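The values are calculated or read from the model by the stated rules, or taken from the named source; none is laboratory data. Predicted model, so just to flag it, every value in this text is computed and none were measured. For neighbour counting, all protein chains shown are included, and Cβ atoms are generated from backbone atoms with ideal geometry for every residue, glycine included. These accessible areas exclude ligands, DNA and RNA; they are computed on the full protein's heavy atoms, side chains included. Shrake-Rupley method; radii C 1.70, N 1.55, O 1.52, S 1.80 Å.
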Amino acid sequence: MLEVKDACVSYGKSRVVNGISLKIDGAETFLVLGRNGVGKTTFMKSIIGLLPVDCGSINFDGSDITKSRAYERSQKGIAYVPQGREIIPMLTVKENLQLGAVAHKKVQFEAKMKEILEYFPDLTPHLRRKGGVLSGGQQQQLAIARALMSDPKILILDEPTEGIQPNIVMGIADILKRYQKAKNIPLIIVEQNLHFARRIGDRFMIIQKGRSVKEGSIDELTDEVSAKYISV
Ligand SMILES: Nc1ncnc2c1ncn2[C@@H]1O[C@H](COP(=O)(O)OP(=O)(O)O)[C@@H](O)[C@H]1O
Ligand SMILES: [Mg+2]
């Protein structure tokens with residue numbers, strides 16, 4: 001369903017992603033791991049169309065989207081929760097959710113919101129409050145809920161647990177797993193929290209200096225592997 005072949009991405013003359021490939025079929029959770037600055041976010045932005053690839057190709061659902069614009073990829077069903085949970089702080093929780101539902105007709109919005117909020121009971125009491133007053137964990141949930149409002153065929157999350165309290169982190173893992181089970185969609189998650197990664201992942205890739213240096217199924221993500229490639 002999603003296949004990236006030998007993608008390269010550069011900022012000016014500086015190549016940050018150097019020939020990474022990725023193939024995801026069915027409702028699995030694929031982890032993209034690695035230390036800060038190795039190119040994880042850059043790679044994700046090239047998949048969603050925020051950055052162009054300067055080599056390689058990207059296929060989604062049978063069509064070549066290598067040169068498609070970000071909004072076209074989004075319309076095809078690729079949803080993204082950016083690093084740093086970029087919700088709109090001055091808009092209410094409900095308005096933030098509305099932003100995620102632009103592809104839906106207005107009549108469907110309330111029903112869709114109701115469906116999505118069943119996964120996020122923490123948000124329901126705050127619908128009329130400004131997003132900016134929510135806790136970090138609630139803002140992250142809002143960012144995820146907003147992405148789900150578009151009924152994505154694949155969801156990409158960039159460090160969803162960064163700066164979130166440990167007791168909330170596992171709650172987020174469980175929400176994502178429940179949603180995935182209901183909708184049968186793949187997830188790609190950039191992550192540095194190993195505990196979370198092991199709870200939710202099926203397969204992983206570790207990136208170093210813009211290249212994939214290790215891939216495997218989640219039980220191959222041992223403490224030795226983590227010590228060698230991920231831990232500081
Ligand atoms: N907009 C940008 N312009 C120039 N260099 C950038 C830009 N964004 C990121 N970089 C550089 O690209 C490298 C990879 O960054 P990034 O993809 O954000 O890494 P990660 O997500 O793995 O922490 C880093 O060296 C970073 O400084
Ligand atoms: Mg990043």
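Quick notes on this one:
- Yes/no for Tyr179 being part of a loop (DSSP other than H, G, I, E, B), of a type in the set (Phe, Trp, Tyr) and either in contact (Cβ under 8 Å) with a residue 24 or more places away in the chain or within 20 Å of Leu50 (Cα to Cα) (or both): no
- Selection count, the range 103-147, where residues are surrounded by 14 or more Cβ atoms within 10 Å (Cβ to Cβ), in contact with a Gly (Cβ under 7 Å, 6 or more places away or on another chain) and of a type outside the set (S, T, N, Q): 3
- Answer from Asp219, Asp158 - the residue that is open to solvent by 70 Å² or more (accessible area, probe 1.4 Å) and either more than 16 Å from ligand 1 (Cβ to nearest atom) or at pLDDT 95 or above (or both): Asp219
- Residues located in the range 170-190, provided they are farther than 22 Å from Leu22 by Cα and either open to solvent by less than 10 Å² (accessible area, probe 1.4 Å) or among the β-branched types (Val, Ile, Thr) (or both): Ile172, Ala173, Ile175, Tyr179
- Conditions (1) away from ligand 1 (no atom under 16 Å from the Cβ); (2) in contact with a strand residue (DSSP E or B) (Cβ under 9 Å, 6 or more places away or on another chain); (3) under 13 Å from Ile154 (Cβ atoms); (4) in contact (Cβ under 8 Å) with a residue 40 or more places away in the chain: number failed by Asp6: (3)
- Checked against the criterion of being within 16 Å of ligand 2 (Cβ to nearest atom), aliphatic (A, V, I, L, M) and outside any strand (DSSP E or B), the candidates Val38, Val17, Val32, Val53 yield just one match: Val38.
- Single match in Val107, Val169, Val102 (criterion: part of a helix (DSSP H, G or I), closer than 27 Å to Thr42 by Cβ and modelled with pLDDT under 95): Val169
- Some residue of the range 36-55 being more than 15 Å from ligand 1 (Cβ to nearest atom), surrounded by 21 or more Cβ atoms within 10 Å (Cβ to Cβ) and farther than 25 Å from Val225 by Cβ: yes
- Answer residue from the range 20-29, given it is part of a loop (DSSP other than H, G, I, E, B) and not hydrophobic (A, V, I, L, M, F, W, C) and is nearest to ligand 1 (Cβ to nearest atom) among those: Glu28
- Residue within the range 38-49 that is without any contact (Cβ under 8 Å) to a residue 40 or more places away in the chain and over 19 Å from Val4 (Cβ atoms) present: no
- Hits in the range 56-67 (condition: within 17 Å of Pro152 (Cα to Cα) and in contact with a helix residue (DSSP H, G or I) (Cβ under 9 Å, 6 or more places away or on another chain)): Phe60, Asp61, Ser63, Ile65
- Residues of the range 11-38 satisfying the condition of being more than 19 Å from the chain's Cα centre (by Cα) and hydrophobic (A, V, I, L, M, F, W, C): Val16
- Some residue of the range 167-190 being within 16 Å of ligand 1 (Cβ to nearest atom) and either among the charged types (D, E, K, R) or more than 18 Å from Ala147 (Cβ to Cβ) (or both): no
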